[in-house]
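Trainee: This is the structure I have questions about; it appears just below.
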Ligand code: PEP
């Protein structure tokens, strides 16, 4: 059976001291020994967390990657640079990047392509805003966002991870109900099945205020293969409880 994947998104949080304590607590708590576990850390801490996670079974993730290969792109980090630090996963198209940095579906698709070319698994984030949900556009929005990545990445598409993150549930304490989440995951699975014979082996994660209390129920759904966890990933006890719910 496919192991579930629990990925923490630290966003722009952390310090050398705090990261050290957090990762050590996760290792002591057995993270990385059962289900798949990753931490997506701010770029300046990749080297630190690479060394803290070495040999632990916890994989290292980044939060963004440049859509360009190399050159005059001040402030960006390329997929080859991430690979130099042993990065295994990279978030692409997180709603905060789409919202605050104007990332388009085409840019997200190009980022996924760069990651794949470097041997990094892109975690492609899709999700609707509250206004889009209320207008009945949820399926249309997530299918459009995923279609761009499928179109650009062709036969490599089975190598991606998809994260369904309703924008209205991120950092708000509002979680999609298990039925709402499963319904969208099923739509995404059907879309992946049309693109690759390997769709059932792929991970579709749920993200949006996943916590110790709601994880088990969300993770029990047929098409929810793990979680992308923001706030709760910064609290070792909470993150460990979510990991425990996934094994
Ligand atoms: C996220 O940032 O991907 C996320 C899901 O955040 P939170 O868990 O805090 O809602």
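The values are calculated or read from the model by the stated rules, or taken from the named source; none is laboratory data. Given the structure is predicted, the values throughout are model-derived calculations rather than measurements. As a convention, Cβ positions derive from the backbone with ideal geometry for all residues, glycine included, and neighbour counts pool all protein chains shown.
Trainee: Which residue, of 30, 55, 14, is on the phi > 0 side of the Ramachandran plot, modelled with pLDDT of 95 or more, more than 16 Å from the ligand (Cβ to nearest atom) and not in a strand (DSSP E or B)? Before you say what the answer is, go through the steps one by one.
Mentor: Numbers: 30 fails: modelled with pLDDT of 95 or more; 14 fails: more than 16 Å from the ligand (Cβ to nearest atom).
Just one listed residue meets the conditions, 55.
Trainee: Sticking with this one: Could you tell me whether region 55-66 includes any residue that is in contact with a strand residue (DSSP E or B) (Cβ under 9 Å, 6 or more places away or on another chain) and surrounded by fewer than 15 Cβ atoms within 10 Å (Cβ to Cβ)?
Mentor: Yes, that holds for at least one residue.
Trainee: Another question, then. Going by the conditions given, is residue 142 touching a residue at least 60 places away in the same chain (Cβ under 8 Å) and either under 27 Å from residue 104 (Cα atoms) or within 16 Å of the ligand (Cβ to nearest atom) (or both)?
Mentor: Details: touching a residue at least 60 places away in the same chain (Cβ under 8 Å): no; either under 27 Å from residue 104 (Cα atoms) or within 16 Å of the ligand (Cβ to nearest atom) (or both): yes.
When the stated conditions are applied, residue 142 does not pass them.
Trainee: Return the residues of region 58-78 that are part of a loop (DSSP other than H, G, I, E, B) and either closer than 30 Å to residue 29 by Cβ or at pLDDT below 95 (or both); say none if nothing qualifies. Talk me through it step by step, then tell me what you get.
Mentor: Residues of region 58-78 part of a loop (DSSP other than H, G, I, E, B): 63-78.
Once the filter is applied, which keeps residues that are part of a loop (DSSP other than H, G, I, E, B) and either closer than 30 Å to residue 29 by Cβ or at pLDDT below 95 (or both), region 58-78 yields 63, 64, 65, 77.
Trainee: Can you tell me which residue within region 94-110, out of those that are within 16 Å of the ligand (Cβ to nearest atom) and part of a helix (DSSP H, G or I), is farthest from residue 11 (Cα to Cα)?
Mentor: Initial filter on region 94-110 (within 16 Å of the ligand (Cβ to nearest atom)): 94-101, 103, 108.
Of the ones still in play, those that are also part of a helix (DSSP H, G or I) are 95-100, 108.
Numbers: 95: 12, 96: 9, 97: 11, 98: 14, 99: 14, 100: 13, 108: 18 Å.
Within region 94-110, the match that is farthest from residue 11 (Cα to Cα) is 108.
Trainee: Go through (1) under 20 Å from the mean Cα position of the chain (by Cα); (2) more than 16 Å from the ligand (Cβ to nearest atom); (3) in a helix (DSSP H, G or I) and name the single condition residue 22 misses.
Mentor: Unmet for residue 22, out of (1) under 20 Å from the mean Cα position of the chain (by Cα); (2) more than 16 Å from the ligand (Cβ to nearest atom); (3) in a helix (DSSP H, G or I): (2).
Trainee: Inside region 138-163, can you point out the residues that are in contact with a strand residue (DSSP E or B) (Cβ under 9 Å, 6 or more places away or on another chain) and either assigned to a helix (DSSP H, G or I) or at positive phi (or both)?
Mentor: Once the filter is applied, which keeps residues that are in contact with a strand residue (DSSP E or B) (Cβ under 9 Å, 6 or more places away or on another chain) and either assigned to a helix (DSSP H, G or I) or at positive phi (or both), region 138-163 yields 141, 142, 143, 144, 145, 146, 149, 153, 159.
Trainee: Name the residues in region 202-247 that are within 18 Å of residue 123 (Cα to Cα), in a loop (DSSP other than H, G, I, E, B) and free of Cβ contacts under 8 Å to residues at least 60 places away in the same chain, would you?
Mentor: 202, 209, 210, 223, 224
Trainee: For residue 20, state whether it is within 30 Å of residue 105 (Cβ to Cβ), in contact with a helix residue (DSSP H, G or I) (Cβ under 9 Å, 6 or more places away or on another chain) and modelled with pLDDT of 95 or more.
Mentor: Working: within 30 Å of residue 105 (Cβ to Cβ): no; in contact with a helix residue (DSSP H, G or I) (Cβ under 9 Å, 6 or more places away or on another chain): yes; modelled with pLDDT of 95 or more: yes.
In short, no.
Trainee: Further question on the same structure: Has region 164-186 got any residue that is in a helix (DSSP H, G or I), within 13 Å of the ligand (Cβ to nearest atom) and either in contact with a strand residue (DSSP E or B) (Cβ under 7 Å, 6 or more places away or on another chain) or farther than 23 Å from residue 209 by Cα (or both)?
Mentor: At the first step, the residues of region 164-186 found to be in a helix (DSSP H, G or I) are 167-169, 178-186.
Those left that are additionally within 13 Å of the ligand (Cβ to nearest atom): 167-169, 181.
Next, from what is left, pick out any that are either in contact with a strand residue (DSSP E or B) (Cβ under 7 Å, 6 or more places away or on another chain) or farther than 23 Å from residue 209 by Cα (or both): 181.
Yes, because at least one residue in region 164-186 is in a helix (DSSP H, G or I), within 13 Å of the ligand (Cβ to nearest atom) and either in contact with a strand residue (DSSP E or B) (Cβ under 7 Å, 6 or more places away or on another chain) or farther than 23 Å from residue 209 by Cα (or both).
Trainee: Considering each residue of region 111-137, count those that are crowded, with 21+ Cβ neighbours inside 10 Å and out of contact with any strand residue (DSSP E or B) (no Cβ under 8 Å at 6 or more places or on another chain), and give that number.
Mentor: Residues in region 111-137 being crowded, with 21+ Cβ neighbours inside 10 Å and out of contact with any strand residue (DSSP E or B) (no Cβ under 8 Å at 6 or more places or on another chain): 2 in total.
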